[in-house]
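S.K.: Let me begin by handing over the structure; questions about it come next.
The values are calculated or read from the model by the stated rules, or taken from the named source; none is laboratory data. Every value quoted in this text rests on a predicted model; they were computed, and no experiment measured them. We place every Cβ from the backbone using ideal geometry, glycine too, and count neighbours over all the protein chains shown. Note: accessible area is taken over every heavy atom of the protein model, side chains too, but ligands, DNA and RNA are not part of it. Shrake-Rupley method; radii C 1.70, N 1.55, O 1.52, S 1.80 Å.
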Amino acid sequence: MFHRSMLAAAWLCVAAFAHHASAQTVEVNGVKFSQNVALGGTALQLNGAGTRYKTIIKVYAAALYLPAKAASPEAVLAASGPKRMQVVMLRDIDANELGKLFTRGMEDNSSREEFAKTIAGTLRLADMFAARKRLFSGDQFTIDYLPGRGTVIGINGQPQGEPVKEPEFFNALMRIWLGRSPADALLKNALLGINSTPERLLGG
């Protein structure tokens, strides 16, 4: 009897721990995003997450992390402190082509003066994707903004070179998803937490 009681108690502890862990995760098309992450010594919270579609094809899942919730593009760009955009591929894609699409998205959502300030970073971004050649389903990259250091891009957890110091570069990247001509209007709303309907809030 005592042995059974101990087993039951252990099982309840494991179940409670699993529930607590899953409650900290949002799942979007099979990709699990943490509700909270740490960046540069600052606790960030998930602002929103969603999927980039091209017609009916799922291209990638994305999540935006900020120090505090923001419901407008202006609030996201004006937010102080570290910020993170995380992208997880849902299909294989030509990395060079994705880099070109990002560059076009930056240009389409920036004034000529704004885009001119990002040229150095944009060229580095294009070179990075060109060198990668291909991104596969499950590959992920992060775009981290660290005040005083700049923008750090990582692929599968590995930083890609030195930070891009110009603060305009990070904002130009964010406008790909949050600008007046976003890559995907539904994804824009999801990242801002507007009509956001993630596939599943685990534990919720």
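S.K.: Taking Gly154, is it outside any helix (DSSP H, G or I) and either out of contact with any Gly (no Cβ under 7 Å at 6 or more places or on another chain) or of a type in the set (Lys, Arg) (or both)?
M.R.: Working: outside any helix (DSSP H, G or I): yes; either out of contact with any Gly (no Cβ under 7 Å at 6 or more places or on another chain) or of a type in the set (Lys, Arg) (or both): yes.
When the stated conditions are applied, Gly154 passes them.
S.K.: If we only count strands (runs of 3 or more DSSP E) wholly inside the range 8-75, which ones have 1 or more residues that are crowded, with 16+ Cβ neighbours inside 10 Å and at pLDDT 95 or above?
M.R.: On the way: elements: 25-28, 31-34, 36-39, 42-54, 57-66.
Answer list for the range 8-75: 31-34, 36-39, 42-54, 57-66.
S.K.: Additional query: Just checking, which of Gly121, Gly150 is free of Cβ contacts under 8 Å to residues at least 60 places away in the same chain and under 17 Å from the mean Cα position of the chain (by Cα)? Don't jump to the end; show me each part of the working.
M.R.: Working: Gly121 fails: under 17 Å from the mean Cα position of the chain (by Cα).
Exactly one of Gly121, Gly150 is free of Cβ contacts under 8 Å to residues at least 60 places away in the same chain and under 17 Å from the mean Cα position of the chain (by Cα), namely Gly150.
S.K.: Take Leu186 and decide whether it is open to solvent by 50 Å² or more (accessible area, probe 1.4 Å), part of a helix (DSSP H, G or I) and either in contact (Cβ under 8 Å) with a residue 40 or more places away in the chain or not aromatic (Phe, Trp, Tyr) (or both).
M.R.: Values: open to solvent by 50 Å² or more (accessible area, probe 1.4 Å): yes; part of a helix (DSSP H, G or I): yes; either in contact (Cβ under 8 Å) with a residue 40 or more places away in the chain or not aromatic (Phe, Trp, Tyr) (or both): yes.
Answer is yes for this residue.
S.K.: A follow-up question, please. Please go through the range 50-92 and pick out each residue that is hydroxyl-bearing (Ser, Thr, Tyr) and either more than 17 Å from Asp184 (Cα to Cα) or in contact with a Leu (Cβ under 6 Å, 6 or more places away or on another chain) (or both). Don't jump to the end; show me each part of the working.
M.R.: We begin by selecting, within the range 50-92, every residue hydroxyl-bearing (Ser, Thr, Tyr); these are 51, 53, 55, 60, 65, 72, 80.
Of everything in the range 50-92, those that are hydroxyl-bearing (Ser, Thr, Tyr) and either more than 17 Å from Asp184 (Cα to Cα) or in contact with a Leu (Cβ under 6 Å, 6 or more places away or on another chain) (or both) turn out to be Tyr60, Tyr65, Ser80.
S.K.: Any residue that is β-branched (Val, Ile, Thr) and more than 21 Å from Tyr60 (Cα to Cα) - is there at least one of those in the range 111-118? Please lay out each step first, then the result.
M.R.: Going through the range 111-118, the residues β-branched (Val, Ile, Thr) turn out to be 118.
Restricting the remaining residues to those that are more than 21 Å from Tyr60 (Cα to Cα) gives 118.
For the range 111-118, residues β-branched (Val, Ile, Thr) and more than 21 Å from Tyr60 (Cα to Cα): present.
S.K.: When you scan the range 122-144, do you find a residue that is part of a loop (DSSP other than H, G, I, E, B), at pLDDT below 90 and either closer than 26 Å to Tyr53 by Cβ or touching a Lys or Arg at 6+ places or on another chain (Cβ under 7 Å) (or both), even just one? First the steps, then the outcome.
M.R.: Applying the first criterion (part of a loop (DSSP other than H, G, I, E, B)) to the range 122-144 yields 133, 136-139.
Remaining after also requiring at pLDDT below 90: 133.
Subsequent filtering for residues that are either closer than 26 Å to Tyr53 by Cβ or touching a Lys or Arg at 6+ places or on another chain (Cβ under 7 Å) (or both) retains 133.
Within the range 122-144, one or more residues are part of a loop (DSSP other than H, G, I, E, B), at pLDDT below 90 and either closer than 26 Å to Tyr53 by Cβ or touching a Lys or Arg at 6+ places or on another chain (Cβ under 7 Å) (or both).
S.K.: Shifting gears a bit: Based on this model, can you work out whether Gly99 counts as assigned to a helix (DSSP H, G or I) and in contact (Cβ under 8 Å) with a residue 12 or more places away in the chain? Please lay out each step first, then the result.
M.R.: Numbers: assigned to a helix (DSSP H, G or I): yes; in contact (Cβ under 8 Å) with a residue 12 or more places away in the chain: yes.
So Gly99 fits the description; yes.
S.K.: What is the one condition in (1) closer than 23 Å to Val28 by Cα; (2) assigned to a loop (DSSP other than H, G, I, E, B) that Arg180 does not satisfy?
M.R.: With (1) closer than 23 Å to Val28 by Cα; (2) assigned to a loop (DSSP other than H, G, I, E, B) applied to Arg180, the lone miss is (1).
S.K.: Restricting attention to the range 157-177, which residues are in a loop (DSSP other than H, G, I, E, B) and closer than 17 Å to Val87 by Cα? Let's see the steps before the verdict.
M.R.: Applying the first criterion (in a loop (DSSP other than H, G, I, E, B)) to the range 157-177 yields 157, 160-163, 165-166.
Result: Gly157, Gln160.
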